[in-house]
Structure formats: structure tokens, C-alpha cells
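Derivation of every value follows stated rules applied to the coordinates shown; laboratory data play no part. Everything numeric here is computed off the predicted structure, so don't read it as measured data. Backbone-built Cβ (ideal geometry, glycine too); neighbour counts: all protein chains shown.
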Amino acid sequence: MNILLIGSGGREHALARSLSASALCDKLFIAPGNPGTAQHGTNVVIDVADHGAVIAFCRTMGVEFVVVGPEAPLVAGLVDDLTAAGIKAFGPSKAAAQLEGSKAFTKDLCAEFGIPTAAYRRFTDAEAAKTYVRSYGVPTVVKADGLAAGKGVVVAASFEEAEAAIDMMIGGGLGAAGAEVVIEAFLEGEEASFFALCDGRTAIPLGTAQDHKRVFDGDKGPNTGGMGAYSPAAVLTPELQARVMREIIEPTLAGMRARGMPYTGVLYAGLMLTDKGPQLIEYNARLGDPETQVLLPRLKSDLVTAFLAACDGVLDSISLQWSDKAALTVVMAAQGYPGAVEKGSEIRGLDRASAMDDVIVFQAGTKQSGDKILANGGRVLNVTALGSTITEASARAYEAVSRIDWPEGFCRRDIGWRAVERESKG
Ligand code: AMP
Ligand code: GLY
């Protein structure tokens, strides 16, 4: 079948690689894609916000299956419109994507169905929110209800910080996304990510990962979209994973069904592993970036078959096979990221890096210019390596990084440090 993949980042390069490897995939189109996805299919220009244009493209090109990478088209209802037009699409409906699109929606669902998460209150009035914070104490966490491109969460150590965040959000600093805020209790523990593939009724595990959100070594500096990740996350033992399925993922699926909005697609749970057990920090309605770049290289099963089974409601009939190897990805970003960056510098040595066994260089923010690859964004490359341990995967990934000649870029040097420390203790 012909498949259309929506998105343009490193996640989509990893998706394009796995989708195109499927025996079920004839032609793969990527809208808009990047030079990395072009190695696995045909990049096409479609205005993805114009759902009619996406449907028309599918009809013209005989596309039978659409896979949506990022959250914005999901929250905008692209899957609903494609489905109504008779085109199969992977990802949640607009209603179900509220699990990512509205923190208040998710917290209310957790409260109703007994899903462990931080205690919370919702506010649209800044003074009421501040009074609550004063009575509740700090540290506390202030979250904008809606999608805010990573800027919607403030972990406040002081009342002043909490109040400034409340004023900024309710005052319109994040647009409509901040008109309502959720104030929640500060959770202590180690963070880990758990992915589940869902068909509305059944969920099956799709792997675990840990990422590094801060820009500098030692987890210092401002937050980013993610500077690196590794999979599996050993901290999520098989027992803890079973508990996450039982206490968090399955009740979420049951709750969404009860609300008449069955959840189909990838459910990405951001977890805090507290001394009382795993608690939900947030849901994403899609695969993570850069987590996908370490999950999919470990997946041995056919990705198209798995995604179709989710769409068709038959996930209970399949099981996924995984490589025994660990994977780690190092993000190479343009200097200045997560602030302003310069575009257009040339990246050399990609072939030398990719020539290493078990190394894949995923492209995120790049642009083709003649036979050159130029930097074209903040996070530019995701250098992924497999190894028998995270420690080995890390050594190979950094060896591949050293083969890339791009003076205008930088990366963290300590991706995977928690896992490497764990492995050194045996
Ligand atoms: P989110 O966008 O919801 O994933 O939040 C961004 C980051 O804020 C998370 O990765 C956590 O590090 C932190 N965070 C969010 N909620 C809490 C919480 N209730 N307690 C402690 N840290 C939190
Ligand atoms: N790496 C975090 C995310 O994809 O949301």
C-alpha cells in the first residue's frame, strides 16, 4: 500500500526508515519530510493544516494509510477528517488527543479513574490560583492547560516564581494555551518514559526510554525538546512496567472508552518513579522525539503491521519482537539552541559516521543544497547507535559524532549517564 507520513523531524526520519522497510509499504510519501526522510521515500509539499488538501493528495496518489508524527495535526483533528473520508489514519482522534492537548482534561480523567498522578487544582482566575499556592506551599508546579511548545510547565521553588508563572500564563503570555492553569503537587523521583500502542481497547507495550531535557552536561541549563535519549530504561523493571500497564495505561484506555473517545495510536506516558510507585506526569498522544530514534531501531517486528493492527482494533492478536541490544541517541544541535540559532552551516562526514555498524544518523533540522547537507534548525542531527549495553551504545554513538565535521554544532557529552552509572555498578 502507499503510505503518507506527516512530519519533518528526526522522529519522522526514524518512522520513515521503519515504515519503508515493511513488505506492506509500496510508495512512502512524507509531508514535508527532510533530507533524511528522502532516503526512504518521496518528500512532498502539502499544507498539512488544510485537511482537504491532505485528503485530495491521498486520493490522487492512491494513499491508503496515513501516519501522523507530531501532535499539532492530531489535536487539529486530521485523523478524524481522514477517517471520515474513508482513509485509514494512525493516531488518536481530536477528542482522544486531548490527553496531550489539555492537561486539565487528563488530570480530571486520572481523578475519575483512580490513575496515580500528582494532586492538582484547576484555575482560570490568577488571584484564586495564587491564594491556593500560598495555602498549599512550595515547591509546586504551574502548568498551562493547552499545548505550549515546551514552555507550559514551570516547576516553582518559591512563591514569587509560582506567582510570576501564574501571571504570565493567565495573563496571555502563552496565548489561549494558558487561559486555564493546573497547579499540581511537586513529585520527587526519577523520570522515565513508557510507550504503549493502543487500539481503543487493547494496549501493548512499545518500549521504555529516558531522555535528557536540559541543554548542558550534568542536566544543567534551560529545557530543550530533548538532547538525547536511550532505550530501554532499566529503571523501569519488568515489574514496574507491568504496574504501569495495570495502574496507568489500562485504566486510561478504559476511561477514554467510557467517555466515548476510544484512544488509538501511541500513548506516551511521562512518569515519575516515586517511593509510592509510578505516577503519571503527563501524556503525549504520539511518539517522542528523540525517543523514537532509540525505540524503532530496536523493534524487529513490522511497523506497518503493528500500526494497522492498532487502527483495525486487533492489537490483541499481535506481539512485538525486540532486539536484545540497547540504543542511545546523541542530539547534535546548532550553537545557541534552545535560543536563536544560525541556519545554513555545512555538515560534513555524515557518510563516515553512517558507515559504522549499528549506527544510524537521523536528520532532524537539515536542508539539502545541491550535494551538501546544511543545518536548518535547532536540533539538527540524532546520532543513534546500538550496543550490547547502554555504555557500549554510548561509546559507539560518540565515536560516530566524532566523525561528523560540523564546527557550528554541539552536543552533550554525557547522554545516558544514569544508565552508564547503573551498569558500572552491575
Ligand atoms: P511536562 O511538560 O508535563 O512533561 O513537564 C516538563 C517537566 O516538568 C517534566 O519532565 C518534569 O521534569 C517536570 N514536572 C512536571 N510535573 C511535575 C511534578 N508534578 N513534579 C515534579 N516535576 C514535574
Ligand atoms: N522528547 C519529548 C517529547 O517528544 O515530547
Size of charge dipole - region 204-314 - debye, nearest 20, with Cβ of Lys, Arg +1 and Asp, Glu -1, no other charges: 140
log₁₀ of I(q)/I(0) at q = 0.11, 0.21, 0.24 Å⁻¹ - region 142-237, Debye sum with one point per alpha carbon: -0.46, -1.13, -1.18
Within region 203-236, backbone nitrogen closer than 18 Å to the virtual label 7 Å beyond the Cα of D312 toward Cβ: 203-204
Alpha-carbon centroid distance for the pair region 76-121 / region 272-348, whole angstrom: 19
Anisotropy class of region 330-426 from Cα gyration tensor, a/c 1.5 cut: oblate
Net lengthening on full extension, A258/R201 (0.36 nm per residue, minus Cα-Cα): 19.4 nm
Dipole magnitude of the chain, debye to nearest 20 (Cβ charges: Lys/Arg +1, Asp/Glu -1, about Cα centre): 300
W322/R348 FRET efficiency (R0 41 Å; Cβ-Cβ; nearest 0.05): 0.75
Per residue, the convex hull volume that the Cα atoms of region 251-410 enclose (Å³): 177
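Suppose R0 equals 51 Å; then what is the FRET efficiency for A21 and R422 from their Cβ-Cβ distance, rounded to the nearest 0.05? If you can, show how the numbers build up before the last one.
Details: r = 32 Å, r/R0 = 0.62.
It comes out at approximately 0.95.
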Distance in nm between pseudo-label sites at A157 and F186 (7 Å out along the Cβ direction from Cα): 0.8
Neighbour cut-off at most 16 other Cβ (10 Å), DSSP loop, trypsin sites (Lys or Arg not before Pro), region 1-75: K27
Dipole-positive endmost among V133, A85, I115 within region 78-133 (Cβ charges, Cα centre): V133
Taking N as its residue count, the alpha carbon Rg of the chain over 2.2 N^0.38 Å: 0.95
Long-range HN-HN contacts of G228 with modeled amide H, under 5 Å: H212, V331
Furthest towards positive pole of dipole, S18, G265, L253, structure part the chain, Cβ charges: S18
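Sorting check: for 390-399, 246-255, which peptide has the highest mean count of neighbouring beta carbons within 10 Å, and how do the rest follow?
Top of the packing list down: 390-399, 246-255.
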Radius of gyration, Dmax [region 1-85; alpha carbons; angstrom]: 11.6, 32
Amide H within-cut-off set for F186, under 5 Å, with H built and near neighbours excluded: V141
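Show me 288-300, 362-374, 259-271, 33-45 ranked by packing, highest mean number of other Cβ atoms within 10 Å first.
Packing proxy ranking, top to bottom: 288-300, 259-271, 33-45, 362-374.
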Taking N as its residue count, the alpha carbon Rg of region 57-149 over 2.2 N^0.38 Å: 1.48
Size of charge dipole - region 288-376 - debye, nearest 20, with Cβ of Lys, Arg +1 and Asp, Glu -1, no other charges: 320
Total formal charge among the other residues, if their Cβ is under 11 angstrom from that of G189, Lys/Arg +1 and Asp/Glu -1: -3
Karplus-derived HN-Hα couplings along region 152-161 (A = 6.51, B = -1.76, C = 1.60, θ = phi - 60°), whole Hz, x at Gly and Pro: x, 10, 10, 8, 9, 8, 10, 4, 4, 4
Proximal lysines relative to K143, as straight alpha-carbon distance under 20 Å, when same-chain residues fewer than 8 apart are discounted: K103, K107, K130, K151, K213
